[in-house]
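**Student:** Below is a structure I'd like to ask you about.
The values are calculated or read from the model by the stated rules, or taken from the named source; none is laboratory data. Since the structure is predicted, the reported quantities are computational estimates derived from the model, not experimental observations. For neighbour counting, all protein chains shown are included, and Cβ atoms are generated from backbone atoms with ideal geometry for every residue, glycine included.
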Amino acid sequence: MKKQTCLQMRVAGLVAVIILNLGFGPGSLCAKETPTPSQHGTNLGELKVQGKYIERLVLSQKDGSRKKFAKPGETIKLAVGEYRLQEVRLQGGYSCGITAPISDADWVTVAEDKPAALKVGAPLKQAVRVERWGRFLVLNYELLGVGGEKYTQADRNKPPTFTVYKAGKEIASGKFEFG
C-alpha cells in the first residue's frame with residue numbers, strides 16, 4: 001500500500017504520531033512545453049485532463065523523459081506514447097509527487113485516433129482513517145484528488161485541524177502537526 005501522505009496526532013491522552021511525506025519534486029515554476037516528436041515519428045494525440053485548478057503538471061514517459069506544463073488546459077497535445085503522472089501542483093499550494101513504485105495501471109496511453117484521459121487535480125476530498133494500536137488511537141489524514149492522488153499543503157502555517165466528539169460532546173480539538 002502506498003503511503004505518501006499520512007498525518008497522525010495526540011488526542012485526549014491517546015498518542016498519535018504525525019508523518020508527512022511531501023513528495024515535492026525538484027525545480028519550481030516552469031514554462032509550458034510544446035509537444036515534441038516521439039522516437040517513432042511526429043504523431044500527436046490528445047490527453048484530456050479531468051481535474052481543475054492545476055498550476056503545474058509533470059508527466060513521465062517510459063524512457064524516463066519528462067513533459068512539463070504550466071497551467072495546462074483541459075486538453076494537452078502530446079506525442080503518441082505512454083505517460084504517467086510524476087508531479088502536480090494546484091492553486092492554493094497543494095502538491096502531489098509520485099515517488100512510489102508504479103504499476104501498469106498507472107500508465108496512460110496517448111494514441112493518435114482516440115483521446116486519452118488523466119484524472120488529476122481538484123476537487124479535493126479529505127479522508128481520515130482511524131486505527132487503534134492498543135491504548136493508542138492513530139488518525140491518518142489524507143487529501144485526495146479526483147484520481148486518488150494524495151496532496152500535501154506547502155504552507156506550514158495552515159495545518160489541518162480536528163475535533164473529537166464522544167456522544168455528541170466535544171472532548172478534544174487541535175491542529176495536526178507536520179512531522
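**Student:** When you go through Tyr165, Tyr141, Tyr151 one by one, which is the residue that is modelled with pLDDT under 85, of a type in the set (Phe, Trp, Tyr) and outside the structural domain of Gly93 (by TED's automatic domain parsing)? Before the answer, list the steps.
**Tutor:** Details: Tyr165 fails: modelled with pLDDT under 85; Tyr151 fails: modelled with pLDDT under 85.
None of the other options fit; the residue is Tyr141.
**Student:** Report the residue count in the stretch 115-166 for those that are free of Cβ contacts under 8 Å to residues at least 60 places away in the same chain, part of a loop (DSSP other than H, G, I, E, B) and closer than 30 Å to Glu46 by Cα.
**Tutor:** Taking the stretch 115-166 as the starting set, the residues that turn out to be free of Cβ contacts under 8 Å to residues at least 60 places away in the same chain are 124-134, 144, 148, 156-159, 161, 163, 165-166.
Now restrict to residues that are part of a loop (DSSP other than H, G, I, E, B): 124, 134, 148, 156-159.
Of the ones still in play, those that are also closer than 30 Å to Glu46 by Cα are 124, 148.
Result for the stretch 115-166: 2.
**Student:** Let me ask something else about it. Restricting the stretch 43-57 to residues that are in a strand (DSSP E or B) and surrounded by fewer than 19 Cβ atoms within 10 Å (Cβ to Cβ), which is farthest from the chain's Cα centre (by Cα)?
**Tutor:** So the residue we want is Leu44.
**Student:** Scan Ala154, Ala127, Ala105, Ala111 and give me the residue that is touching a Phe, Trp or Tyr at 6+ places or on another chain (Cβ under 8 Å) and under 30 Å from Arg66 (Cα atoms). Explain how you work it out, then say what you get.
**Tutor:** Numbers: Ala127 fails: under 30 Å from Arg66 (Cα atoms); Ala105 fails: touching a Phe, Trp or Tyr at 6+ places or on another chain (Cβ under 8 Å); Ala111 fails: touching a Phe, Trp or Tyr at 6+ places or on another chain (Cβ under 8 Å).
So the residue among Ala154, Ala127, Ala105, Ala111 that is touching a Phe, Trp or Tyr at 6+ places or on another chain (Cβ under 8 Å) and under 30 Å from Arg66 (Cα atoms) is Ala154.
**Student:** Looking only at residues that are modelled with pLDDT of 90 or more and of a type in the set (Ser, Thr, Tyr) in the stretch 67-109, which one is surrounded by the most Cβ atoms within 10 Å (Cβ to Cβ)?
**Tutor:** That would be Tyr83.
**Student:** Ok, one more. Just a yes or no: is a residue in the stretch 164-172 small (Gly, Ala, Ser) and on the phi > 0 side of the Ramachandran plot?
**Tutor:** Yes, the conditions are met somewhere in the stretch 164-172.
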